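In what follows, a structure is listed as structure tokens, so that the remarks can point back to it.
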Amino acid sequence: MSLLVSPLHKIHLDLGAKMGPFTGYSMPIWYPEKIIAEHNHTRTQASLFDISHMGQVSIVGADAASTLEELIPTDFVNLSYKKMHYCCFTNNQGGILDDLIVANLGVEFFVVMNAASKEQDLEYLRKNVATASVEEHSENVLLALQGPKAAEVLARFHPEIADLDFMTIDKFVLNRIPCIISRSGYTGEDGFELSIPVQNADQLARALLAQPEVKPAGLGARDSLRLEAGLRLYGQDMDTTTTPVEAGIHWTISRARRIGGEREGGFPGADVILQQIANGPKKRMVGMRLHTKALARKGTKICLDDGIEIGVVTSGLFAPTVKAPIAMGYIEPSHANVGTVVNIQIRNSMVSAEIVRLPFVKHQYRTIT
Amino acid sequence: MSEIRYTQDHEWVRVVSEDIVEVGITDFAQEQLGDIVFIELPEVDLSVDASDEIAVIESVKAAAELRSPVSGTVIEINEELEDQPELVNENPTEDGWFCKLELSSPEEFDDLLNEDEYSEYVASLE
């Protein structure tokens, strides 16, 4: 099977990126400076990420908000214009079908979904959203500019971009290119995601890379940044067998949709999810800091001193900002308290790890209000 | 000049004295792995057959194993890699050596790829 290429493929090759397959696309994993340098640059300056493999969809229709509420346990009826929510599609067992961003752009809900699940999500939406139209924005690509200097950089192209609040979105014209820009991201840093027309992607990406603060960063650094920020990766940290409560993203379930809320329940798996919110789940996502230099990868077992298995690692890597190996995983709630020391089986030896608060690195989101 | 041989798994083996070799990974291998953050070295006195695992190499993104290109006994390990695994990225064929082995079947060395054969092999991959 041949891989799809991003509209920025030429830039990646010009920059000497190491390309690798990712959900059917050939994407940059790192550039010549490699993951740690790209990670550190993102935490101190600004990095440009190509995330054009992600799905972008618009949902238009008078009943779009209430129809989305039938699929997602979040409040869309009261989602203000230019605001956005992080949320997830759930199945009848309360499992997560995908996590996504839904923004209110006035005439439409603008949705960003994972690359690996976008076809399935589109089909799911088209089947279940009868009264609204569902259109894929395949004419647009997604870029992310992340880091403490991102706002300053984008303000050179359009001063009002710097006034956006975290998790808000608006339309802007940059270098005569119409863009949909949100203040959001997947790094824990202040930053933006830019949806821009395919035909302008190369030009705008090069204009951003020409700014002195901006360097390119690949999917490797994106993964280490998101893990330090405690952000879950769909397909790795959560899937159809984990609920939003177990995954620790129960905050995506709006008050209005919970027990006693104005529009209580009414989403797939509501019985399971609402019961877990009330009584607690059987497993819980935690962060762990390893007392070793070895790394815990996905699937590594978490055990008690006597070897009894109490959980499993879902993501783990060397965290460049923390400067230590970190991991996230599921563990039985009775062992999930911060400060608990557990054992992680790495190859043939047991190493100890401490349950720590997520995120590992403090979020630097910019909120005005 | 010391003799050096390579494997298709991107390891190198260099003769340092009679029946004693140093083992490491090639520049191509370190490029593929990216930033190396941890190396688990073998115990001294471990005896291995060719293609037994002798070390684990962890980069930010992935783990890889080093399989011994030859049979023998580990007689020395590069302890500097425990605190400075990045030496393998910076200088994979000199400072970034992994361990020294005393060969138990010296004839295995001659069956490995020479410099030209390895270069040709790497070129065929790119």
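The values are calculated or read from the model by the stated rules, or taken from the named source; none is laboratory data. Quick caveat, the model's predicted, so the values are computed rather than measured. So basically every Cβ, Gly included, is an ideal-geometry build from the backbone, and we count neighbours across all protein chains shown. Calculation scope for accessible area: heavy atoms of the full protein, side chains included, ligands and nucleic acids excluded. Shrake-Rupley method; radii C 1.70, N 1.55, O 1.52, S 1.80 Å.
I'd like to verify a number: residues in segment A:80-96 that are open to solvent by less than 30 Å² (accessible area, probe 1.4 Å) and not aromatic (Phe, Trp, Tyr), how many? Within segment A:80-96, residues that are open to solvent by less than 30 Å² (accessible area, probe 1.4 Å) and not aromatic (Phe, Trp, Tyr) number 8.
Only residues that are surrounded by 20 or more Cβ atoms within 10 Å (Cβ to Cβ), farther than 16 Å from residue A:68 by Cβ and aliphatic (A, V, I, L, M) were counted in segment A:116-148, giving 5. In segment A:192-212, the residues that are not assigned by TED's automatic domain parsing to the domain that holds residue A:14 never reach a residue that is surrounded by 15 or more Cβ atoms within 10 Å (Cβ to Cβ) and at pLDDT 95 or above with C-beta atoms less than 7 angstrom apart, at least six apart or across chains. When segment A:316-359 is filtered for residues that are closer than 20 Å to residue A:147 by Cα, open to solvent by less than 40 Å² (accessible area, probe 1.4 Å) and not in a strand (DSSP E or B), the ones remaining, listed by number, are A:320, A:322. For first residues located in segment A:318-331 and farther than 15 Å from residue A:362 by Cα and touching a residue at least 60 places away in the same chain (Cβ under 8 Å), partners that are part of a loop (DSSP other than H, G, I, E, B) and open to solvent by 10 Å² or more (accessible area, probe 1.4 Å) and lie 6+ apart or on another chain with Cβ distances below 7 Å form the pairs A:330/A:246; A:330/A:283.
Each residue in segment A:196-219 was checked for being within 14 Å of chain B (Cβ to nearest Cβ) and open to solvent by 10 Å² or more (accessible area, probe 1.4 Å), and 1 pass.
Exactly one residue out of B:43, B:22, B:18 is among the acidic types (Asp, Glu) and either farther than 26 Å from residue B:106 by Cα or within 14 Å of chain A (Cβ to nearest Cβ) (or both): that is B:43.
Here residue B:32 meets each of (1) in contact (Cβ under 8 Å) with a residue 24 or more places away in the chain; (2) surrounded by 15 or more Cβ atoms within 10 Å (Cβ to Cβ); (3) within 14 Å of chain A (Cβ to nearest Cβ); (4) under 30 Å from residue A:34 (Cα atoms) with one exception, condition (1). Take residue A:66 and decide whether it is more than 14 Å from chain B (Cβ to nearest Cβ) and open to solvent by 20 Å² or more (accessible area, probe 1.4 Å). It is true that residue A:66 is more than 14 Å from chain B (Cβ to nearest Cβ) and open to solvent by 20 Å² or more (accessible area, probe 1.4 Å). Any residue at all in segment A:247-261 that's at pLDDT 95 or above and part of a strand (DSSP E or B)? No. Each residue in segment B:105-116 was checked for being part of a loop (DSSP other than H, G, I, E, B) and surrounded by 16 or more Cβ atoms within 10 Å (Cβ to Cβ), and 1 pass.
If only residues of segment A:279-307 that are modelled with pLDDT under 95 and away from chain B (no Cβ under 12 Å) are counted, the one that is nearest to residue A:258 (Cα to Cα) is A:304. Residues that are in a helix (DSSP H, G or I) and surrounded by fewer than 24 Cβ atoms within 10 Å (Cβ to Cβ) were ranked within segment A:220-234; the one that is farthest from the other protein chains (Cβ to nearest Cβ) is A:226. The set of residues in segment B:64-104 that are open to solvent by 60 Å² or more (accessible area, probe 1.4 Å), part of a strand (DSSP E or B) and within 13 Å of another protein chain (Cβ to nearest Cβ) contains only B:65.
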